[in-house]
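A short reminder: the numbers here are calculations on the coordinates, not readings from a lab. Note that the coordinates shown come from a computational prediction; the quantities given were computed from them, not determined experimentally. Here the Cβ is made from the backbone with ideal geometry for all residues, glycine too, and neighbour counts use every protein chain on show.
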Amino acid sequence: MTPIAVLMVEDNRGDVVLMQEAIQSAGLPYNLSVAHDGVEALECLRLQGKYAGMARPDLIMLDLKLPGITGMEVLDEIELDPVLRNIPIVILSSSRSELSIARLRKEPPYNCMDKPSTFEDYVELVRIIEAFREQAQKGGAL
């Protein structure tokens, strides 16, 4: 399988570790990079600084609650960029009100999901994310 470049934008180290372990457990060929805040996420997406020369991600996992530049602000920047707005995004949050606001957005392809609370839920989440990514890649309705 061809490796899939995934950018996880998450400031909680515990969530990152659980996601890494869930990806491994699910056997997905994800090459996971992590940005710990909105500034780092935008630098990575724009291939600036230490991210110059890297490939843009095939999928973004975005937490909405970030220090500094918020996840919603990252979404605003992505929507303004004609290259970035074609990358499928999975929005993860423990806040139902933030997820409700995010669900109102139309572009790029989004999937808004509650953050899991158990390891088994993380494994199920990565399977759902992969199905979403495959569907978005085909240009199908989600």
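Values (1) 20, 17, 17; (2) 27, 18, 14; (3) 25, 17, 13 are given for comparison; semi-axes √(5λ) of the Cα gyration tensor in Å, derived from the coordinates here, is the one labelled (1). Along the axis of the charge dipole computed for the range 4-137 (Cβ charges of +1 for Lys and Arg, -1 for Asp and Glu, origin at the Cα centre), the listed residues A52, V16, L32 are led at the positive end by A52. Helices in the chain that qualify as membrane-span-like (whole DSSP H runs, Cα extent of at least 24 Å along the helix axis, mean Kyte-Doolittle hydropathy of 0.0 or higher) do not occur. For the chain, the number of Lys pairs with C-alpha atoms closer than 28 Å, counting only pairs eight or more positions apart or on separate chains, is 6.
Note on S25, S93, S117, S33: ascending count of other Cβ atoms within 10 Å places them as S117, S25, S33, S93, the fewest first.
Dipole magnitude for the chain: about 320 debye, using +1 per Lys or Arg Cβ and -1 per Asp or Glu Cβ, origin at the Cα centre. Computed on the chain, with alpha-carbon pairs under 8 angstrom and 6+ residues apart, the relative contact order is 23 percent. Look at T2, T70 and count the other Cβ atoms within 10 Å of each Cβ; fewest to most, that gives T2, T70.
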